[in-house]
Amino acid sequence: MNKPLIIGKRCDAEMWRMLNARTGATMIQYEQAFERRALTKDIIALLKELRDTGRTVLLLGDHTLNIPPILVHPQWIAGCIWRQIPNPAVDVAWYNEPHNRVIVELLLEELYLKGLCDADYQST
């Protein structure tokens, strides 16, 4: 499985709305395109599991993983591609700015399309 992984406090409805604004994806398509996990207390086990998998991981606003807080841009760390955005469930004011929402919509579209391409490649 090489779906993009979203880690953080669950906010599926808001994430789906932003993806839908760019792609028209349904909630079911959103759920199928992304693996989603809460950030658990066992961070070390999560990092060991992800290490050198080449997965794309979208971190929602939590800096407990010590990923440098560089917004949106991909960072190759421990064999994964990390992307980071504020969590829509926590940083509501940040998302009130239309240009911030567009940035996240574009990122979600990119990851969604990447996941679709990976799924097509794996099914052939």
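The values are calculated or read from the model by the stated rules, or taken from the named source; none is laboratory data. Remember, it's a predicted structure, so these values are computed and weren't measured experimentally. Neighbour counts are summed over all protein chains in view; Cβ atoms, including those assigned to glycine, are modelled from backbone coordinates with ideal geometry.
Here are the numbers for this structure:
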{"item": "Pick from the range 15-71, criterion buried (at least 17 other Cβ atoms within 10 Å of the Cβ) and in a strand (DSSP E or B), ranking: nearest to the chain's Cα centre (by Cα)", "result": "58"}
{"item": "Cross-chain or 6+ apart pairs with Cβ under 6 Å, the range 43-69 first and among the basic types (Lys, Arg), then modelled with pLDDT of 90 or more and surrounded by 10 or more Cβ atoms within 10 Å (Cβ to Cβ)", "result": "51/79; 55/5; 55/80"}
{"item": "Residues being under 17 Å from residue 14 (Cβ atoms) and either crowded, with 16+ Cβ neighbours inside 10 Å or touching an Asp or Glu at 6+ places or on another chain (Cβ under 9 Å) (or both) - total across the range 104-116", "result": "7"}
{"item": "Leading residue by the ranking (nearest to residue 23 (Cα to Cα)) among those in the range 72-93 that are out of contact with any strand residue (DSSP E or B) (no Cβ under 7 Å at 6 or more places or on another chain) and surrounded by 16 or more Cβ atoms within 10 Å (Cβ to Cβ)", "result": "88"}
